[in-house]
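Everything on this sheet refers to the single structure shown next.
Each reported figure results from applying straightforward, stated rules to the coordinates on display, with no laboratory input. As the structure is a prediction and not an experimental result, all values here were calculated from the model. Here the Cβ positions follow ideal geometry from the backbone for every residue, glycine too, while neighbour counts run over all protein chains shown.
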Amino acid sequence: MAHALDGTVALVTGASSGIGEATARALAAEGAAVAVAARRRDRLEALAGEIEGAGGRALVLEADVTAREAAVETVERTVAELGRLDVVINNAGVMLLGPIEDAPVEEWERMVALNLNGLLYVAHAALPHLLRAAGTEPRRVADLVNVSSVAGRFARLGSGVYNATKFGVGAFSESLRQEVTERFVRVALVEPGAVATELSSHVREEVREQLQRAFDFERLEAEDIADAIAYVVTRRRTVAVNEVLVRPTQQVR
């Protein structure tokens, strides 16, 4: 049976857990060969084994995309070993919440390095390959999906620098969309609300307790966001879904 992404190659960053892991599975199920990139090789190898066991093809790329050279190498190895690049899911990110006053500035640096710089490095390295794929079969269109957050739309108390990185992702995505959309490279911004992933476990303990109280409702699953991403990248060539905001039903902000 034919699938929407047969004959294509996708790269997913932050693929060792959560949204990235679920998205890699979803794209493989649609027929894409999937390069999975993150720092935790053991998790990536387990995921790749699962994809290949289901009849797909996967490439493990241990990488820290906060280093520009590593981001470039991740893209270039994907193309060299899988033959092309049609879809990029810029998902790697970290959420380190807390007050701005007396904050550990190292947390800010980590968020800027991964949520912004890493995303920019991957997008920049991937763009020539996406433009090339957009001019060729089997789809004659290519996709760059930047995973942001509801925090890229609404600033919240205790989330200032995380907000700043995600607002930046939104601005970059829209500017790039205008630059390349006439050449059939679609740029999409996916903005999850509260999702049950490891992301919230990275915050300091006292902040984690506040976060749990603020989001005392049933959160989304990573597969819910993967499903939205798969929808975006499987539309026909002349349909661009540029922005998707997905919240749990009970989430107000």
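What angle, in degrees between 0 and 90 and rounded to the nearest 10, separates the Cα long axis of helix 68-82 from the longest principal axis of the Cα atoms of the chain?
30
Taking the Cα atoms only, what angle lies between the long axis of helix 18-29 and the longest principal axis of the chain, rounded to 10 degrees?
Here the helix axis deviates by roughly 20 degrees.
With no solvent and one point per C-alpha, what does the Debye sum give as log10 I(q)/I(0) for the stretch 94-135 at q = 0.20 Å⁻¹?
Cα-only, vacuum Debye calculation for the stretch 94-135: -0.65.
Please give the peptides 23-30, 90-97, 118-125 ranked by average Cβ packing (other Cβ atoms within 10 Å per residue), highest first, as a rough proxy for protection.
23-30, 90-97, 118-125
Mind giving me the nanometre distance, one decimal, between the label points for Arg140 and His124, set 7 Å out from Cα along Cα→Cβ?
3.3
Radius of gyration and Dmax for the stretch 15-85's Cα atoms, expressed in Å?
11.4, 33
Looking at the square roots a ≥ b ≥ c of the eigenvalues of the Cα gyration tensor of the stretch 116-192, which shape do they give, rounded for a/c under 1.5, prolate if a/b is larger than b/c, or oblate? Don't skip to the end; give the middle numbers.
Details: a/c = 3.05, a/b = 2.47, b/c = 1.23.
Prolate, since a/c reaches 1.5 and a/b exceeds b/c.
Restricting the calculation to Cα positions, tell me the Rg (one decimal) and the Dmax (whole number) of the stretch 9-246 in Å.
According to the Cα coordinates of the stretch 9-246, Rg and Dmax are 17.0, 54 Å.
Based on alpha-carbon centroids, what's the gap between the stretch 1-49 and the stretch 75-91 in Å, whole number please?
11
Please go through the stretch 73-181 and write out the GluC sites (Glu not before Pro) that DSSP classes as loop and that have at most 12 other C-beta atoms within 10 Å. Don't jump to the answer; show the numbers that get you there.
Details: sites: Glu73, Glu76, Glu81, Glu101, Glu106, Glu107, Glu109, Glu174, Glu179; in loops: Glu101.
The qualifying sites are Glu101.
Once both axes come from the Cα atoms, what is the angle between helix 222-233 and the longest principal axis of the chain, in degrees from 0 to 90, rounded to 10?
Here the helix axis deviates by roughly 40 degrees.
Go from 0 up to the bin containing the longest alpha carbon distance in the stretch 44-136, width 10 Å each, and give me the % of pairs per bin.
15, 37, 30, 13, 4, 0
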